[in-house]
1. Probe radius 1.4 Å, ligands and nucleic acids ignored: give me the carbon and sulfur share of the accessible area of the stretch 236-289 as a rounded percent.
2. Share of the stretch 70-209's accessible area from carbon and sulfur, percent, 1.4 Å?
3. Dipole of the stretch 111-212, Cα-centred, from +1 at each Lys and Arg C-beta and -1 at each Asp and Glu C-beta, to the nearest 20 debye?
4. Measure out, as a whole number of angstrom, how far apart the alpha-carbon centroids of the stretch 105-170 and the stretch 263-338 sit.
5. Report the gain in length on full extension from VAL311 to CYS329: 0.36 nm times residue separation, minus Cα-Cα distance, nm rounded to one decimal.
6. Pop a pseudo-label 7 angstrom from the Cα along the beta-carbon direction at both ALA319 and VAL196 and give the gap in nm to one decimal.
7. Express in nm, to one decimal, how much length is gained between GLU159 and ARG111 on full extension, taking 0.36 nm for each residue of separation and deducting their alpha carbon distance.
8. Tell me the per residue accessible area of the stretch 157-314 using a 1.4 Å probe; a whole number in Å² is fine.
Amino acid sequence: GEGGGGGGGGGGGSGGGTFVGSPRTSQLVPGASQNRPAQNSLSHSRRNSRSYMEMAAEMAQFGRAQDVAAAVYANQHQSRRRILVVDDNETNLLVLSNMLEPNGFVVEKARSGEECLELLAQRIGTNDVPDVVLLDVMMGGVSGVECCAEIRRNRGMAEHELPVILVTATEYAATEYEGFAAGATDYLAKPFSVGVLLARLESALRLRHLVNATVQRERDRSLLRRMLPESIIERLNGGQNLIADHHEEVTVLFSDIVGFTELSQGCSTAALMLMLNELFSAFDQALDRHGVYKVETIGDAYMCVTGHDGVGRHAERMAAFAKEMLEACERVKPPFMS
């Protein structure tokens with residue numbers, strides 16, 4: 001590859017540099033409903049309203065607009081929550097349906113652990129996976145604990161992805177231990193009231209939403225780290241919308257591949273992209289070792305900078321990084337030419 005670097009300040013290169021951050025955007029992510037146990041006399045709509053107001057007030061304390069948006073999302077989609085009830089007793093299925101359906105839940109039924117596993121196996125990777133599984137412990141064939149353990153072996157059905165509440169008529173500590181060891185989210189002991197059932201469901205759903213929102217925020221932050229320096233991300237998160245800084249000294253490196261046009265004309269697109277991916281991945285791995293920040297890649301061009309963060313010896317660090325780039329080029333094989 002061929003490249004060029006510019007050293008600022010006393011190094012004789014061009015001084016000054018500017019970073020401009022794009023305005024902060026807010027992303028809507030599934031949020032956490034925080035309904036609390038309500039009296040049965042309260043209407044469903046009143047419970048929803050109360051829950052949302054509590055959520056908004058709590059989230060406002062942290063000043064996170066995306067979490068408030070997530071609360072709105074959870075509140076608006078509460079009536080669409082699907083519950084899979086698994087029990088081999090028809091009376092129990094009927095009782096649970098009568099408890100859940102008037103409170104806005106869509107109830108699906110499975111009459112054995114085997115039927116539950118078959119149904120979930122067909123839903124993996126789709127939007128039809130239930131929001132919660134209510135799983136009776138004492139069933140003929142596959143027990144509730146065994147069924148729960150099997151559910152957790154499936155991709156996309158971990159504890160934070162699919163809450164499983166075990167329903168049992170016993171209160172033995174050993175049974176509860178086995179259930180939690182199998183991956184159960186919570187236990188519900190018979191007999192129970194509608195209020196307790198709804199509270200346990202809301203608790204499980206709230207936990208799932210909070211975990212998923214945290215995971216999504218970390219993914220968003222990871223993506224931002226690929227585009228912006230950490231210091232810029234912190235300032236954007238702090239509410240600063242326009243960022244334009246002056247730097248007395250920076251070093252900027254541009255590089256591209258010698259003969260890339262001829263190379264791209266003589267090989268397949270897939271082969272070319274595989275080569276670029278391998279090459280740029282090797283460059284990326286060397287960035288942190290030298291304290292270099294990648295600005296962007298365009299085609300075969302690779303641009304990075306040092307000195308913007310105030311760390312010294314930026315020209316020397318960039319030179320060491322450039323040397324490692326050349327070493328990486330020696331290891332990467334060119335694509336097969338047709």
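The values are calculated or read from the model by the stated rules, or taken from the named source; none is laboratory data. Source: prediction; values computed, not measured. Cβ coordinates were reconstructed from backbone atoms using ideal geometry, including for glycine residues, and neighbour counts include every protein chain displayed. To get the accessible areas, we keep the full protein, side chains included, count just its heavy atoms, and leave off ligands, DNA and RNA. Shrake-Rupley method; radii C 1.70, N 1.55, O 1.52, S 1.80 Å.
1. It is 54 percent, rounded to a whole number.
2. Numbers: 3240 of 6490 Å².
Summing carbon and sulfur atoms, their accessible area is 50 percent of the total for the stretch 70-209.
3. The dipole of the stretch 111-212 has a size of about 220 debye.
4. Cα centroid of the stretch 105-170 versus Cα centroid of the stretch 263-338: 47 Å apart.
5. 3.7 nm
6. The answer from the label model is 7.5 nm.
7. Working: separation 48, 0.36 × 48 = 17.28 nm, distance 2.26 nm.
Going from the current span to full extension adds 15.0 nm.
8. 54 Å²
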